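Below is one structure, written out as C-alpha cells; the observations come after it.
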Amino acid sequence: MNQSVNLISNEFHTGIKHLKKDVWNLVNRKHITKVFAEFLHECLIEPVQTKTDTALVHFRLATDTPEVYYTFSGEHRAMDYWHLDSQSVVKHVNGKAQPELDVIQFFLDMKSTLGIKPLTLSKFIEETYNTLYADAYIFSKGRIASNLLVDAPYTVIEHQMDGHPWATVNKGRIGFSYEDYLDFVPEASRRTTLFWLGVHKSKALYAHTKAYAYERLVREELGMDLQEEFNAILFSNDVDPNDYLFLPVHEWQWKHKLTFLFAGDIANQYIIPLGKGNDNYSPQQSIRTFFNTDKPEKLYVKTAISILNTSVYRGLSPTKLSVAPFVTQWVKDKLMSDQVLAKLGFTLLGEVATVGYKHNHYEQIEGGPYHYKELLGAIWRESASNYLNEGERIMTMASLLYVDEQGKSFTAELIRKSGLEPEQWLKTYLRSYLTPILHIFYQHKFFFSPHGENTILVIQNYVPVRIIIKDFVEEIVLTEDGKREAPEEARDILRDIDDEYATLFILSGVFDGVFRYLSNIFHSYVGLDEKIFWKNVAAVISDYQQAHPELKGRYEKFDLFIPEFIRVCINRVRLLTYGYSEEASIPVPEVCGTLVNPAFENK
C-alpha cells in the first residue's frame, strides 16, 4: 500500500518539483520587468516620471484603481528601450509596499487601462503561466555561467536560451502537458526519436532540390536496415511500399492530433504507422526543429506540431512545403555565385526536401483557420556542421543577449576571451552579420528575417567571423523590382512588399529586433557606450555604400539613414488587435508611431 502511495506521489510531483516559492518570486520579478520594458517600448503603458538621478529615471505607474500603483526605475536607451532594474519594481497597495510581485495580478490590475478583452486576457494569462512555469524550470535547473557557456557545444548553448526577446509570452507552448514539456522542450535537454509514417503518394507530395532525389534522402536518413523494416510493415498491411512515402512526425503530433484528425485516412491505409527511427535528436529553440545528436552532419528535421507558441501555431503548410526546395534552389543559385557574399563567407542552409500531406476535409473550408491546414508535413534542412572550416565552431546569435545569474554577459565573456578591445570585436561582428544583409537587400532586391534564432554565428578564437542563415525560405520578401526580375515561378510563390515599407525589414527587423537589445548589452554589460555601438552600425552601412557606388540609386530609394521609422509592435497584436481569434492567416505586426533612428543620429 505504501509503495503504491509513493509511486502516485512521485508521479504527481515530477512536473512540479521546480515550483518553489523563492524561484517563483524570482521569475515573476524578472518577467514583470520584461513586461514593463516591452510595454513601454510599444506604448502600452504610460507611467509618470517622478524624478531623475543622473541617467536613472524613476517611474510611477497607475492602475485601474487609485489605491494600487507600481514604481520602478531604469535607464533610457536608443529606440525607446528601457534598461530596467528588476530590484526597483515595487507594487504599492494603500500606500504600503508589497513584499512580492505577481505578474498575472499586474495584468488584472491593468485590464481596463490596457483595454484587453476578457477572452484575450484569459488566454494571455494562460500563456504567461506557461512561460513562468518554463522560467521556473530553467532557474531551478541552474543557468550556466557565461564564462563557461562560451566554451560549450552548440546544442548546450542552444538549450540555455531565454526565448524571444521581444515577445513577453515567449514560452507559451499551449497544448503541452508537463510530461510533454519535460520530453520536448530545449531547456530540458532530453534527446528524442522521431516517429515515422508511411503516407500514400495520392495524398502526399515529395519535393526536393536537384541533389536530393527521394532515394538518396531515404538512404541517408533511414539506412538500408530500417528502410527494409518499414517496407516489411507496409507489406504486412497488404499494400505496395512503392505507393508510399516515408514521413517523420513529432511524437506529440501523432498522439494528440494525427490519430484523431486523420482517423479516416488511417482506417483507409492512406497513413500507416511504422515506428520510431534509430537516430537521437535534440529539439531546437523553435521546438519543432530537431538537430541530429548522433550524427551532426545529417539533415535537420522540421516537423509540424499544433501547439501555440510565441503567437503562432507551429504547423507546416503543405502548399509552402511543395515549393520550399524550389525556393532554396533559386536563392542558393542566385547568392552562392555572388563574389561579395563568398568573400564574406555567407552561407544559407537549404531546405533540400519536404513531404506535405493535405487534410482532405479541412482543405475544403475556405477561410478556415490556418492551423487546421498545417497538420502533417516535414522539412529536411542542411546541417551547419558541414559548412565549418578548421578552427571554427557555431553558436546561435541569440546567445549574444544571454546574461547569467551573476549579471555576467555572454558577449562580454566572448570579448574578454578573444583578447580584442570591445569596439574592435564589435566591428568584426557587424561586418560579418550586417554587411551580407545589406548586400542581399540592395544588390539582390529581397530580404528575410535574420533574427537571433535564425542566425548562426561562426566563431573563431571567440570572434564571429561570418554567419549562417537558416529558416529563410518562408521569410523571403521581394521588393517591387525584385519581384519583376524574379522567375515567374518565384513570383507566384514569394511574398512581396511595397517599396514604401521595404526598408522596415532592416530598420525594424534588424535595428529594432536585434540591435535594440544588443546595443544595451554593450552599454550595460560590456562597457561600450551605445552611441559608439550605433556609430559602428552607421559606419558599416556607409562603408558598404562607398564600396558599391553603382547602387547609389537604391541607397537613395531605400534610405537607412532616415531620421525616424515606423514603430512595429508584436505584443500589441496579441493583446489588442488579433487576440486569440481563429483567423485564416497568422497574425501580422501592428504599427504605432515612430522611433528615432540611432544610425541617423550617430552617422
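The values are calculated or read from the model by the stated rules, or taken from the named source; none is laboratory data. It should be emphasised that the depicted structure is a prediction, and the values quoted were computed from it without experimental measurement. Quick reminder, even Gly has a Cβ in these numbers, built from the backbone with ideal geometry, and neighbours come from all protein chains shown.
Considering every residue within region 192-211, establish whether at least one is surrounded by 14 or more Cβ atoms within 10 Å (Cβ to Cβ), closer than 30 Å to Tyr137 by Cα, among the polar types (S, T, N, Q) and in contact with a helix residue (DSSP H, G or I) (Cβ under 7 Å, 6 or more places away or on another chain). Yes: region 192-211 contains one or more residues that are surrounded by 14 or more Cβ atoms within 10 Å (Cβ to Cβ), closer than 30 Å to Tyr137 by Cα, among the polar types (S, T, N, Q) and in contact with a helix residue (DSSP H, G or I) (Cβ under 7 Å, 6 or more places away or on another chain).
Within region 303-330, residues that are acidic (Asp, Glu) have Cβ atoms under 8 Å from residues that are modelled with pLDDT of 90 or more and in a helix (DSSP H, G or I) in no pair, counting only partners at least 6 apart in sequence or on another chain.
Could you tell me whether any residue of region 362-371 is aromatic (Phe, Trp, Tyr), in the same structural domain as Gly264 (by TED's automatic domain parsing), surrounded by fewer than 23 Cβ atoms within 10 Å (Cβ to Cβ) and modelled with pLDDT of 95 or more?
Quick first cut of region 362-371, residues aromatic (Phe, Trp, Tyr) only: 362, 370.
In the following step, the residues that additionally are in the same structural domain as Gly264 (by TED's automatic domain parsing) were identified as 362, 370.
Now restrict to residues that are surrounded by fewer than 23 Cβ atoms within 10 Å (Cβ to Cβ): 362, 370.
When the remaining residues are screened for being modelled with pLDDT of 95 or more, the result is 362.
Yes: region 362-371 contains one or more residues that are aromatic (Phe, Trp, Tyr), in the same structural domain as Gly264 (by TED's automatic domain parsing), surrounded by fewer than 23 Cβ atoms within 10 Å (Cβ to Cβ) and modelled with pLDDT of 95 or more.
Among the residues of region 214-227, is there at least one that is within 15 Å of His359 (Cβ to Cβ) and not aromatic (Phe, Trp, Tyr)?
Taking region 214-227 as the starting set, the residues that turn out to be within 15 Å of His359 (Cβ to Cβ) are none.
Looking for residues that are within 15 Å of His359 (Cβ to Cβ) and not aromatic (Phe, Trp, Tyr), one finds none in region 214-227, hence no.
Listed conditions (1) within 17 Å of Leu348 (Cβ to Cβ); (2) outside any loop (DSSP other than H, G, I, E, B) are all met by Arg484, apart from (1).
Residue check: is Phe235 in contact with a Pro (Cβ under 9 Å, 6 or more places away or on another chain), surrounded by fewer than 18 Cβ atoms within 10 Å (Cβ to Cβ) and either closer than 21 Å to Gly356 by Cβ or at pLDDT 95 or above (or both)? Spelling it out, Phe235 is indeed in contact with a Pro (Cβ under 9 Å, 6 or more places away or on another chain), surrounded by fewer than 18 Cβ atoms within 10 Å (Cβ to Cβ) and either closer than 21 Å to Gly356 by Cβ or at pLDDT 95 or above (or both).
Inspection of region 552-565 finds a residue satisfying the criterion of being in contact with a strand residue (DSSP E or B) (Cβ under 8 Å, 6 or more places away or on another chain) and either part of a loop (DSSP other than H, G, I, E, B) or surrounded by fewer than 21 Cβ atoms within 10 Å (Cβ to Cβ) (or both).
Considering only residues in region 291-316 that are farther than 14 Å from Arg173 by Cβ and outside any loop (DSSP other than H, G, I, E, B), the one that is nearest to the chain's Cα centre (by Cα) turns out to be Lys302. Annotation note: of Asp64, Asp80, the sole residue that is under 30 Å from Leu518 (Cβ atoms) and among the acidic types (Asp, Glu) is Asp80.
Only one of the numbered conditions (1) at pLDDT 95 or above; (2) surrounded by fewer than 21 Cβ atoms within 10 Å (Cβ to Cβ); (3) among the hydroxyl-bearing types (Ser, Thr, Tyr) is violated by Ser519, and that is (2).
When region 96-126 is filtered for residues that are in a loop (DSSP other than H, G, I, E, B) and either in contact (Cβ under 8 Å) with a residue 12 or more places away in the chain or surrounded by 16 or more Cβ atoms within 10 Å (Cβ to Cβ) (or both), the ones remaining, listed by number, are Glu100, Leu101, Asp102, Met110, Gly115, Ile116, Lys117. Residues that are closer than 22 Å to Ile45 by Cβ and hydroxyl-bearing (Ser, Thr, Tyr) do not occur anywhere in region 544-552.
Taking the residues in region 323-359 that are under 23 Å from the mean Cα position of the chain (by Cα) and small (Gly, Ala, Ser) as candidates, determine which candidate is surrounded by the fewest Cβ atoms within 10 Å (Cβ to Cβ). If you could, list the steps in order and put the result at the bottom.
The initial filter retains those residues of region 323-359 that are under 23 Å from the mean Cα position of the chain (by Cα), namely 323-325, 327-328, 331-332, 346-356.
If we keep only those that are small (Gly, Ala, Ser) as well, we get 324, 350, 353, 356.
Values: Ala324: 28, Gly350: 24, Ala353: 26, Gly356: 26.
Residue satisfying both the conditions and the ranking: Gly350.
Taking region 330-385 as the range and being touching a Pro at 6+ places or on another chain (Cβ under 7 Å), assigned to a strand (DSSP E or B) and not hydroxyl-bearing (Ser, Thr, Tyr) as the test, the residues that pass are Glu351, Val352, Ala353, Gly356, Gly377, Ala378. Read through the list (1) in contact with a helix residue (DSSP H, G or I) (Cβ under 6 Å, 6 or more places away or on another chain); (2) aromatic (Phe, Trp, Tyr); (3) assigned to a helix (DSSP H, G or I), then give the number of the only condition that Phe72 fails. With (1) in contact with a helix residue (DSSP H, G or I) (Cβ under 6 Å, 6 or more places away or on another chain); (2) aromatic (Phe, Trp, Tyr); (3) assigned to a helix (DSSP H, G or I) applied to Phe72, the lone miss is (3). Only residues that are outside any helix (DSSP H, G or I), modelled with pLDDT of 95 or more and acidic (Asp, Glu) were counted across region 35-63, and they come to 2. Of everything in region 573-594 that is of a type in the set (A, V, I, L, M) and over 21 Å from the mean Cα position of the chain (by Cα), the residue that is surrounded by the fewest Cβ atoms within 10 Å (Cβ to Cβ) is Ala584.
Against the numbered list (1) in a helix (DSSP H, G or I); (2) among the β-branched types (Val, Ile, Thr); (3) surrounded by 22 or more Cβ atoms within 10 Å (Cβ to Cβ), Val169 comes up short only at (1).
Quick one: which of Ser146, Ser177 is hydroxyl-bearing (Ser, Thr, Tyr) and surrounded by fewer than 20 Cβ atoms within 10 Å (Cβ to Cβ)? First the steps, then the outcome.
On the way: Ser146 fails: surrounded by fewer than 20 Cβ atoms within 10 Å (Cβ to Cβ).
After applying the criteria, what remains is Ser177.
Among the residues of region 151-179, the one identified as of a type in the set (Asp, Glu) and within 11 Å of the chain's Cα centre (by Cα) is Asp162. The number of residues in region 14-29 being under 15 Å from Gln105 (Cα atoms) and charged (D, E, K, R) comes to 1. Taking into account only those residues within region 474-516 that are buried (at least 17 other Cβ atoms within 10 Å of the Cβ) and either assigned by TED's automatic domain parsing to the domain that holds Leu335 or aromatic (Phe, Trp, Tyr) (or both), which is modelled with the lowest pLDDT? Taking the candidates together, the pick is Phe505. Of the listed requirements (1) surrounded by fewer than 20 Cβ atoms within 10 Å (Cβ to Cβ); (2) out of contact with any Asp or Glu (no Cβ under 7 Å at 6 or more places or on another chain); (3) within 30 Å of Ser322 (Cβ to Cβ), Ile456 misses just one: (1).
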